[in-house]
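Only one structure is covered here, and it is reproduced in the block below.
Rule-based calculations on the coordinates, nothing more; no lab input. These numbers were taken from a predicted model, which means no experiment stands behind them. Heads up, the Cβs are rebuilt from the backbone with ideal geometry, glycines too, and the neighbour counts pull from every protein chain shown.
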Ligand SMILES: [Fe+2]
């Protein structure tokens, strides 16, 4: 069963599906591509809850009701779970206390800002895991500081955090630096699940089937199944996902490589 663990199809909540019509088209597209379960993960930023969590709760409830109605009306063979993609912020304790953001009662899809990552990251992750919650790091390959220094991700994986990659990252729709880190993470066996992170029908469309095919062609069906079926399935059920220690130290360049780089530039 193919599961999309990360997308923005919940209508009128974030920068994803802007209305019911777009949401319906996105849902249909997911079904066409063979997705049987969608975990809807709207962005949750500090600004969304600065005046309390009531507004967010109402928006989510309304969006969820709409999606369930659309699925029912159009007899779409897909299940949905509503969670959130939580941007790391000071108010995280309040979010965890007042909102239903966890997947499978245990996993938190946690996103960091694209241009800066907190210095005390290990401490932050430790504080979250201490509460019995496992953070899933959303699309690390897109975060600039990690593109420059991938070894900074190593400790997070070694603390047991699964890394969720966006399908567009390895298909090359999100830029060369992102694609480069995506390939590096595959090479080092540091990818635990992939998601569409689809926002709309154009620039950020759903590429789940092409993603599955790409993974099968390059690494075999078993690996494609692990990243799009098995591991997301375990997460949905709140079961542990195998996260092995990794080495993310970039390879040292030999004098020959350095010389070649020099010639190329
Ligand atoms: Fe996202």
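Scan segment 81-105 for residues that are away from the ligand (no atom under 16 Å from the Cβ), crowded, with 17+ Cβ neighbours inside 10 Å and closer than 28 Å to residue 36 by Cβ and the total you get is 3. Within segment 142-173, the set of residues being closer than 21 Å to residue 2 by Cβ and surrounded by 19 or more Cβ atoms within 10 Å (Cβ to Cβ) comprises 162, 163, 164, 165, 166, 167, 168, 169, 170.
Here residue 212 does not fit the description of being within 16 Å of the ligand (Cβ to nearest atom) and in contact with a strand residue (DSSP E or B) (Cβ under 9 Å, 6 or more places away or on another chain).
Among the residues making up segment 125-140, those that are more than 16 Å from the ligand (Cβ to nearest atom) and closer than 26 Å to residue 55 by Cβ are 128, 131, 133. Checking each residue in segment 63-79 for being touching a residue at least 24 places away in the same chain (Cβ under 8 Å) and away from the ligand (no atom under 16 Å from the Cβ) picks out 64, 66, 67, 70, 71, 74, 76, 77, 78, 79. Answer with yes or no whether residue 174 is under 22 Å from residue 149 (Cα atoms), assigned to a loop (DSSP other than H, G, I, E, B) and within 16 Å of the ligand (Cβ to nearest atom). In short, yes. Would you call residue 163 farther than 21 Å from residue 27 by Cα, within 15 Å of the ligand (Cβ to nearest atom) and either in contact with a strand residue (DSSP E or B) (Cβ under 7 Å, 6 or more places away or on another chain) or without any contact (Cβ under 8 Å) to a residue 40 or more places away in the chain (or both)? So residue 163 fits the description; yes.
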